[in-house]
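Asks: Pasting a structure below so you can have a look.
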Amino acid sequence: MIIGNGFVDLFVKTTSEAAYASSLLKGKGDKIAADQAAVDKMRLFLNNIPMKGRIVIG
């Protein structure tokens with residue numbers, strides 16, 4: 001299966017946004033909240049990508 005550049009860009013944006021959301025909690029001593037922030041942001045972006053499939057996070 002070949003993934004087009006458009007999808008690659010969307011996945012990169014998704015990953016970047018999740019990392020940024022998590023980074024906002026850096027130094028707060030709550031790794032669960034940091035993980036949840038990343039997961040929430042990732043779900044938000046992945047749910048808006050026009051594709052069919054199953055994404056496994058973790």
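The values are calculated or read from the model by the stated rules, or taken from the named source; none is laboratory data. The structure presented is a predicted model; accordingly, all values stated were derived computationally and were not measured. Neighbour counts run over all protein chains shown; Cβ positions are idealised from the backbone, glycine included.
Asks: Based on what the data block shows, is Ala18 assigned to a helix (DSSP H, G or I), touching a residue at least 24 places away in the same chain (Cβ under 8 Å) and of a type in the set (A, V, I, L, M, F, W, C)?
Replies: yes
Asks: Hey, can you tell me all the residues within region 10-46 that are surrounded by 10 or more Cβ atoms within 10 Å (Cβ to Cβ) and basic (Lys, Arg)?
Replies: Listed by number, the residues that qualify are Lys13, Lys31, Lys41, Arg43.
Asks: Among the listed residues Ile49, Ile2, identify the single one that is out of contact with any Gly (no Cβ under 9 Å at 6 or more places or on another chain), modelled with pLDDT under 95, assigned to a loop (DSSP other than H, G, I, E, B) and exposed (fewer than 11 other Cβ atoms within 10 Å of the Cβ).
Replies: Matching residue, one of Ile49, Ile2: Ile2.
Asks: Another question, if that's okay. Between residues in region 39-52 that are closer than 25 Å to Leu25 by Cα and residues that are of a type in the set (A, V, I, L, M) and at pLDDT 95 or above, which pairs lie under 8 Å by C-beta distance while being six or more apart or on different chains?
Replies: Listed by first residue and then by second, the contacts come to Val39/Ala18; Asp40/Ala21; Lys41/Ala18; Lys41/Ala21; Met42/Ala18; Phe45/Ala18.
Asks: Let me ask something additional. Being within 18 Å of Asn5 (Cα to Cα) and of a type in the set (Gly, Ala, Ser) is the filter here; which residues of region 15-53 pass it?
Replies: Ser16, Gly53
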